[in-house]
Each structure stands twice: as C-alpha cells, then as structure tokens.
Amino acid sequence: MDRLTRKEFNEQLAEMRQRMQEIETCRLEFQGVQKRYERLLESAPDAMVFVNTEGKIVFVNAQLERLFGYRQEELTGRDLEILIPGRYHAHHRKQVMDYFASPRVRPMGSGLKIYGLRKDGTEFPADISLSLFETDGSVLTAGAIRDITERVRAEERIERSFHIQRVISSVLKISLEPVSLEEQLDGVLDLINTIPHLALESRGYVYLAEEGSDTLVLRAPRTLPESQPPVCERIAFGHCLCGEAAASCEIVFADCLDDRHEIRFHEDLPHGHYCVPIASGGKALGIINLFVRTGHKNTAEEEAFLTAIADTLAGVIERGRANEEKQRLTAELAETEKLSALGRITLNVADEFRNPLTAVGGFARRLLKKLPDGTREKEYAESIMAEVSVLEDILRHVLALTRPEIPQLAQQDIRGAIEEALGPYDRRGREQGVTVSRTFGDLPPVDIDRARVAEALGHLISNAFDAMPGGGTLKIATGIETVRGTPYAVVKISDTGEGISEERLEMVFEPFFSTRKGASKGTGLGLPIAKKIIEEHRGFIRAESVPGKGATFGIYLPYRTPEGSS
C-alpha cells in the first residue's frame, strides 16, 4: 500500500469533509421535505393511509386516526383489513392483488359500495381514491378515504322522496280507474311494497270502518305465502294494534309480536306491524296494516310517507263512497220517476178502469144469486168474480202505491203494530206449518202511523209466508242500530225459505216484480208499497238473503233519543 504524503492526505480529507457537508445538507433538505410532506398529509382534508405491496399499513395521517379511532402506532404494520368489515375481507384481498398487478390511479366517485370499520365496531359508507407512491425503491399505495355518510343519507332521502311521489301519483291514478274499491286498495298495497329502504314483508291488509259501527272489516288482503289466510276478518275499535290505531287516529308501531297483539296465530312467523289510520276529519275511515321484519326500527320519514299514502287513500275512499251514494241516489231518482210516471198514468185511467170493473162485478154477483148450483153457467160467473177480485186488488194496490200520503205520526210502541200485522196470519201459520218467533229488544216508543206501519209489516210478513209454502220459521226481532250517525228503531223479519238470488234481490222493490212462481204469484206490489210507507216515515228497508237459507227484510225507522233529537 502506497503511503500518502501529507499534502495528499490533506487533500483527501478536505474532499471527505466536503462530501460530508453535502450529505448533511441533503439530509437536512430531506428532513425539511419530509416535514413539509407530513404537514401536507396532516392538513389534507381526507384520511390518508399508505400501504405496501403486502397489504401492510406503513403510515396514516391524523385525519385517519380521528375517522377510525386508532392511533398511528396501533395501525403501523397491521393488515389493511383492520379498517374493513369482515364480510368484505375475501373480496378485498383479491382487489389488492389485482391492483398491485396492474397499478393505476383510481379517483373518488368510482361508484363502488365501500364501507369502513371503526375501532368501536361501527361501520360507515366510504369513498376511496388510490394512487401510487414510490420511496426508497419500494412502491406504496396511497389511499384517500372520505366518510360519505351524509351524502348517502341525502341521496337516500332524494330517492325516497322520488319513490314517495311516484307512489302517491300512482295511487291517484288508480283512484281514477274504473275498478272496484277492493281492486284499488290491492293496487295500493302492491305499490307500497315497491318502496326501497322500507323493511316490509310484502304482506299487508286494508280494513275499512263499517258504517254504523265501530268495527273494522277486511277489504283488501295481500299475503305471503298466498296459501296463508288473513288473520282476522273483523276487528273492534280499541282492540289489538289495528283497533288501537283506528280509535286514536294515530300510527301504532310494533317491531315484534308484543303484548298489544291480542289476535295471534301459531302459524305466523315473527314480525312487527305498521298500523296506519286512514282518517278524515278526525274520524277513522279504515286502517293500513303492514307487516315489517322483526327488529325493524321505525323512522319519521317512513311514518310521514305512510301517512301521506293514508291521506291519499282517505280521498280515494271518500270519492268511492260519494260515487256509490251518487249511484244510489240516481237509482232512487229513476225509481221515483218511474213511480211518478206510473202514478200519472194510473190517475188518468183509474176512473175509466174502475167504473167498468164495478159494473162487471155487480152483474156477476147478481148472476151468482140467480143461477142454480152445479151448473156450468154458475162456474163461469164464479170465475168472473174471482178475476174481478184480482183486478180490484191490483187497482187498490196501484192507487196505494201512487197516491201520496202524509203519515199521522204519534208516539207508539212498535210491538203493537207488529202484533196487529201478525193477527191475520195466526190461522195461516197453523195450516201452513209456520212457527212465529218473537225477539223484542228494549225499544222506546217511536213516532209512527201505526196503521200504515202495520200495513207495511203485513206485506213483509205475507212475503215471508209465501216463501215457506212447506212450513218453516218466521222470526221477528226488534232493536236499535245507528246508521251514518242516526239512531234507528229496527224490525227484522226473517224466513227460512229458499232465499232470493243476488240478481233478483236487487229487483224485489220494483213494481209488479214477484219472486213467487206459478199462477198465484201475486201482484208484485206488496214490497214496493211497504217501501213507500217506510220512506214516508223517513226510514228505509234493507233486504238480505242467502240462497237456500232464507231472506231477511229489515225496516229502519228514525226515533227520538232521550235528549229529544231524531
């Protein structure tokens, strides 16, 4: 080894010092750059994480510590999966391998559904951008993580609002379709189940309040599975969840089968309920009963949506009932015009018809007195008299039907009118094998024209006897019912005859229509006359029948309550 001269040594030493100075300067510059970069990372608005090719965390900034709840030292060297929910781990590993195999910049807003996992176990939706970062010959991936919880909520609110408006618009469209109310309600249930984010079980019912009583009646069931029957057909106000909602006109919610479920069925799977009142003017018109998954949490947004649907349905129901009332009034007007026309015709021909009929009847009676018994001539005269009696009966009934009368009202016990109407049928009941059953409720006196009401009851009783030619039971019951807020004294006359079909039931109050068959079918004016008499008392008649099980005719007469109102 050659020995250095002092001069050469000094020169090399000076060179080494120069290089050491340059290295120190570079180190200081690097530290400055590193500090500036770290300050830049710390001031970045997003949480930052640096990961090596093995998926290990190398560095995180303060924003990430705050977002995830970890300290820097808790994360350094750990797998990135510590920040990801467990259900995504397998998929995430594949994504990391694919990314390092083909590195690329991925900006935020990629549309991927990504979730972060905090130290406390809570999750949040996130958006992540990825980019490459090279240092000391190694490659790192830099990820910028942003919590987008508020953005997702805003998007969900916008989406929910869109669907709510869509459903409400569709409900209004359904309400204008020429289909039955039941079909409209079924369509609304289907629409409700199309709303995203609403944890429904695709199962629900719509109940409507029965007129004249505090009872909900099932009108639109929608069940899953289809083979499962509805749980209950009728629910009283104040009972079970639906009845509570109807009585209070407020939403009743249950996230499970709790103690408020009065009606339970063993085949039911665990579930909860939204019971939403369909109300108008503070009065429940019905209930929407929707099934929800057990543990579902109700929200103000859901309740606001369901209330909006219920309010829309209230309009649909009221419109449907208004149309039904309009149809009823139109039918009544047509019936009134028909009777009016019949009355005008009858009044014009009554005298012309009555005088010849009286003459024929008078001559026939004289002939009967003079003709010897057993002769063919006397049989002819008897036939003439029988036909004259039929014609006189028809004329009397037609005049009774077309002649307006004002009833002479007085406070009467309606049982007296019933017994008066039954009087002529005692002997017929014994001969025909008809048993009369009376069930008189506690009914106060009613303002009636006793003779006229007895006449109306007589026509109904006669109709019942004709329906039981081979015997049976005639049931007469009285009571009180409230219809559309008005109390009525009710008399119901039921027979055990063959009944009346639905098509014919709608025609029984038409003049000259008769349900009887054969030559003795009658004039077909008894029921129209009874209807006219009851309507002159500001009441009405209802007819119900089940073919093969008889028919029931009920007369409804308004009466004054103890306070004096009618």
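Could you compute the FRET efficiency for Leu333 and Arg104, with r as their C-beta to C-beta distance and R0 at 60 Å, rounded to 0.05? Kindly include the intermediate steps, with their values, before the conclusion.
On the way: r = 79 Å, r/R0 = 1.32.
Here the calculated transfer efficiency is 0.15.
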Quiz item: In straight Cα distance, which lysines are under 27 Å from Lys56, not counting same-chain residues fewer than 8 positions off?
Solution: Lys35, Lys94, Lys113, Lys119
Exercise. At a Cα cut-off below 18 Å, give the lysines reachable from Lys475, other chains included and same-chain residues fewer than 8 away excluded.
Key: Lys492, Lys549
Practice problem: Just add up the charged neighbours of Arg328: K/R +1, D/E -1, any other residue whose Cβ is under 11 Å from the Cβ of Arg328. | Solution: -2
Quiz item: So for the pair Glu211, Met507, with labels modelled 7 Å out along Cα→Cβ, what separation do we get in nm?
Solution: 2.5 nm
Exercise. Could you pull out every residue, at least 5 positions away or on a different chain, whose amide H is within less than 5 Å of the one on Gly116? Hs are placed 1.01 Å off N in the peptide plane, and Pro or chain starts have none.
Key: Phe124, Ala126
Quiz prompt | Descending Cα extents along the principal axes, region 44-147, whole Å | solution = 35, 29, 26
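Averaging over every viewing direction, what projected area does the convex hull of the Cα atoms of region 421-470 cover, in nm²?
Details: hull surface 15.9 nm².
Seen from a random direction, the Cα hull of region 421-470 projects 4.0 nm² on average.
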Practice problem: Determine ³J(HN,Hα), in whole Hz, for all residues of region 150-158 in sequence, where each value follows from phi through the Karplus function 6.51 cos²θ - 1.76 cosθ + 1.60 and θ = phi - 60°; x replaces Gly and Pro. | Solution: 5, 5, 5, 4, 5, 5, 5, 5, 5
Exercise. Return the sequence-ordered ³J(HN,Hα) values of region 185-195 in whole Hz as given by the Karplus equation 6.51 cos²θ - 1.76 cosθ + 1.60 applied to θ = phi - 60°, using x for Gly and Pro.
Key: 5, 4, x, 5, 4, 4, 5, 4, 6, 8, 6
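Under the 0.36 nm per residue contour assumption, what length would be gained going from the current alpha-carbon distance of Glu123 and Ser437 to full extension? Mind dumping the intermediate values first?
Working: separation 314, 0.36 × 314 = 113.04 nm, distance 7.37 nm.
Result for the pair: 105.7 nm of gain on full extension.
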Quiz item: Simple spin-label model, 7 Å along Cα-to-Cβ: Lys173 to Lys56 in nm?
Solution: 6.1 nm
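Can you compute the FRET efficiency between Arg93 and Met20 using 1/(1 + (r/R0)^6), with r the Cβ-Cβ distance and R0 = 56 Å? Round to the nearest 0.05.
Details: r = 47 Å, r/R0 = 0.83.
FRET efficiency, Arg93 to Met20: 0.75.
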Practice problem: Calculate the spin-label point distance for Glu392 paired with Ala154, positioning each point 7 Å from the Cα along the beta-carbon direction, and give it in nanometres. | Solution: 9.4 nm
Quiz prompt | Overall Cα dimensions of region 406-558, principal axis frame, Å, largest first | solution = 41, 31, 26
Practice problem: Give the cross-link partners of Lys532 among the aspartates and glutamates, using a straight C-alpha distance below 17 Å as the criterion and excluding same-chain residues fewer than 8 apart. | Solution: Glu332, Glu335, Glu337, Glu405, Asp447, Asp449, Glu455, Glu506, Glu510
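Read the figures in this text as sums done on the coordinates, not as results from a lab. This structure is a prediction, so every number in the text was calculated from the model and none was measured. Here Cβ is always computed from backbone atoms with ideal geometry, including for glycine, and neighbour counts include all displayed protein chains.
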